[in-house]
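Some notes on the structure that comes next.
The values are calculated or read from the model by the stated rules, or taken from the named source; none is laboratory data. Quick caveat: nothing in here was measured; it's all calculated off a predicted structure. With ideal geometry, Cβ positions are generated from the backbone for all residues, glycine too; neighbour counts draw on all protein chains shown. In case anyone asks, the SASA skips ligands and DNA or RNA and just uses the protein heavy atoms, side chains included. Shrake-Rupley method; radii C 1.70, N 1.55, O 1.52, S 1.80 Å.
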Amino acid sequence: MATVIAIDLSVSMLRDIKIKDTKESFTLLQLATHGVNVLLDYLAVHSRLEFVAVVTFSSTCDVLCSFTRDYDLIKAKITQLEFRTNTCYPPVIQTINYLVHSEWSNSVTCQVIMITDGNCYEGLRKPDMTPFLFPGKLIVVPLEQVSSLYKNNYDSNKLPNGLGYITSPELPLTPSSVAKVFEKIAKETYVPYSAVLRCGNLKSDVHLIPPPMSYTKAADFEIMTCCISSELSIIGFLESSKVECPATLSRHLVLPQRILDECSETNEAFTKTPSFCVLLHGALKIENMTAVCQLSSNWYGLLVSWADNKKKSNLMLIILEPGTNAIPWLGDIRNLTLSPTELNKSDVDETQPSKTPDKRSYNQSQLVWIKEAGLQADIQKILRQARKMPDKIPSFYKELNRIRKAAIAYSFNDLLTSIADLLELECSNLPGGTHPDCALQLTHAAIELRKPLAMDPKFTIVPMTTKYAQHDLM
C-alpha cells in the first residue's frame, strides 16, 4: 500500500534522445516523467488504495511529495522539476528510510522505484550503500541510450544485500519502450492477492491489500519459512475484549473481489449476489467480535472490523506470528474449543476459553504498566503510605523498592528521578503536626533514589535510623 518513486535530477538526465526516423527529441527526464505517468495511470485503475510518494535526488535528496493517493497532484509536481548537480545514491536510501519510518513505521512493506542514468550499475554496488530498514525492494530503471560499460562488468541485474534489482527498457529509448517497462513493473509488483474466505458452507472470493509476504524465521537448527494459503478458514469467534492487542506481523484490508466482465448481465447478477465478506464485516462490527482464521499449518490470524473514523469501517486481517501460542494469555489456540462436557451444560455463561486441569498460580510480584492509570495508581499508593509514616515505614519502603526494581527492569530510569521529586514535594507540603520521622524518611528516600547505586536491582533501600520512637509525639 506504499510506493516511493525516486527521480534522478543530475545533469546527465538533461541529455537529449533523438527518436529515429522522426524529428522529435526528448530529454531523459522527460522520458522518466512519461514513465511515472504510465505507472500512476495503472495504479488509478488497478490499485487505487496505493499511497505514493516522490523524492528527487542528485548530490542531495529532497521529498517532492509525501504519501498521497492524489495521483493528479503528483503528475502536476513532476512537470516542474529542475536539474541539479551530479548523482549520489546513499542520501536517497537514507531519505527514503526516514520518510517511510516517519509516515508508517519500519514494519510496513514499501516498494521503491528509482529512475536514474546508466551509472546505477556501479553506483548502487558501492560499499557505503545501506539496505532499507523496512521490508520491500528497490526497482531501478536506468535510462541509457547505449549499453553501459558498467553493465557489461556484472553478470546479474540483482543488487547486493538483497536491495533489489535493475530492469532496463528496450533500446533504442523511446516513449513507448519506457512505457512498456513501467507497465511490466506495475503488472509484476501490484498484483492483488486473491484468496477464498470460508466459514463452514459460506465462502467469498476476496482480495488482501497489501499482498501478504512470506515469513522467514531462524530457528535453532533450521530456517523456517511460512507462506499464507489461498484459503482463509474461519475456525471460531472470540469477544474483542479477550483478544486485546497481540503482537502482529502485518495488517491487510479484506475486500470482496470485483468481476470485470464486458457482459453487463454478468456484472448486474454479481452485484445482486449477497457477499459473505460484507455479512461477516457487519456481524463483527455489531457484535464487537473477532473471527479467528487459519492461514496455514500452525499459523493464525484475526478478522476484525477496523474503523479509521466514525463513519467508515473496513474488514481487516491481522496476521499473528506463526505458532499456536501467538496470543499468550489465551494459551494454545487449538484448545479454544467447547469440550463435550461443557456443551451439555445449559447454565454455563462463559465457555471460552476452555479451562485446563492445571492449577495456575496468580501471585504476581511483578508490576505491569500497560496504561498510565496503572503507573499512577502505584505511585499514589507510595504517597498514601508516606503520609501515614512512621506507622507505615516498612510498607512504604517495600513498595518503593518494588517500583524501583520494576523501573530498572523496563529501563524506565527517569521514573526514579521523578519519584524523588515527588517525595521532596510531599515533604515540603507536610502539615505542621506531622511526626518528624516522616520528613526525615521522605528526604532519605529521595536522596537514595538519586544515587547511582539505586540503579542496581540487587540494592535495597532501607529505612533511615532516627532517634525518634514511633509514637513519641503522638
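Specify the residue that is modelled with the lowest pLDDT; the eligible residues are those in the range 436-472 that are among the charged types (D, E, K, R) and open to solvent by less than 50 Å² (accessible area, probe 1.4 Å). Before you say what the answer is, go through the steps one by one.
Taking the range 436-472 as the starting set, the residues that turn out to be among the charged types (D, E, K, R) are 437, 448, 450-451, 456, 458, 467, 472.
Within this subset, residues satisfying the condition of being open to solvent by less than 50 Å² (accessible area, probe 1.4 Å) are 437, 448.
Values: Asp437: 81, Glu448: 89.
Here the residue is Asp437.
Please verify whether Thr116 is touching a Ser or Thr at 6+ places or on another chain (Cβ under 9 Å), closer than 13 Å to Ala6 by Cα, open to solvent by less than 10 Å² (accessible area, probe 1.4 Å) and hydroxyl-bearing (Ser, Thr, Tyr), treating the condition exactly as stated. Reasoning before the result, please.
On the way: touching a Ser or Thr at 6+ places or on another chain (Cβ under 9 Å): yes; closer than 13 Å to Ala6 by Cα: yes; open to solvent by less than 10 Å² (accessible area, probe 1.4 Å): yes; hydroxyl-bearing (Ser, Thr, Tyr): yes.
In short, yes.
Let's see how each residue does on (1) under 23 Å from Glu287 (Cβ atoms); (2) open to solvent by 80 Å² or more (accessible area, probe 1.4 Å); (3) in contact with a Cys (Cβ under 9 Å, 6 or more places away or on another chain):
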site	(1), (2), (3)
Lys184	no, yes, no
Glu188	no, yes, no
Asp220	no, yes, no
Glu231	no, no, no
Cys245	yes, yes, no
Leu253	yes, no, no
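Of all the residues that make up the range 190-218, how many are under 19 Å from Pro274 (Cβ atoms), exposed (fewer than 15 other Cβ atoms within 10 Å of the Cβ) and in contact (Cβ under 8 Å) with a residue 60 or more places away in the chain?
Residues flagged as under 19 Å from Pro274 (Cβ atoms), exposed (fewer than 15 other Cβ atoms within 10 Å of the Cβ) and in contact (Cβ under 8 Å) with a residue 60 or more places away in the chain within the range 190-218 amount to 1.
Residues in the range 49-75 that are in a loop (DSSP other than H, G, I, E, B), open to solvent by less than 20 Å² (accessible area, probe 1.4 Å) and not small (Gly, Ala, Ser): how many? Steps first, please.
To start, the set of residues in the range 49-75 that are in a loop (DSSP other than H, G, I, E, B) comprises 49-50, 58-60, 69-70.
From the residues that got through so far, the ones that are open to solvent by less than 20 Å² (accessible area, probe 1.4 Å) too are 50, 58.
Next cut, not small (Gly, Ala, Ser) only: 50.
Total meeting the criteria: 1.
The rows are residues; the columns are (1) more than 24 Å from Pro172 (Cβ to Cβ); (2) at pLDDT 80 or above; (3) not charged (D, E, K, R).
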position	(1), (2), (3)
Tyr71	yes, yes, yes
Lys126	yes, no, no
Leu138	yes, yes, yes
Ser147	no, no, yes
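Would you be able to say whether some residue in the range 116-123 is modelled with pLDDT of 80 or more and on the phi < 0 side of the Ramachandran plot? Give the derivation first.
Let us first name the residues in the range 116-123 that are modelled with pLDDT of 80 or more, namely 116-117.
Checking the rest, the ones that are also on the phi < 0 side of the Ramachandran plot come to 116-117.
Yes, because at least one residue in the range 116-123 is modelled with pLDDT of 80 or more and on the phi < 0 side of the Ramachandran plot.
Restricting attention to the range 413-429, which residues are free of Cβ contacts under 8 Å to residues at least 40 places away in the same chain, hydrophobic (A, V, I, L, M, F, W, C) and open to solvent by 30 Å² or more (accessible area, probe 1.4 Å)?
The answer is Leu425, Cys427.
Collect the residues in the range 28-48 that are farther than 17 Å from Glu188 by Cα, open to solvent by less than 20 Å² (accessible area, probe 1.4 Å) and either among the basic types (Lys, Arg) or out of contact with any helix residue (DSSP H, G or I) (no Cβ under 6 Å at 6 or more places or on another chain) (or both), keeping them in residue-number order.
Once the filter is applied, which keeps residues that are farther than 17 Å from Glu188 by Cα, open to solvent by less than 20 Å² (accessible area, probe 1.4 Å) and either among the basic types (Lys, Arg) or out of contact with any helix residue (DSSP H, G or I) (no Cβ under 6 Å at 6 or more places or on another chain) (or both), the range 28-48 yields only Ala32.
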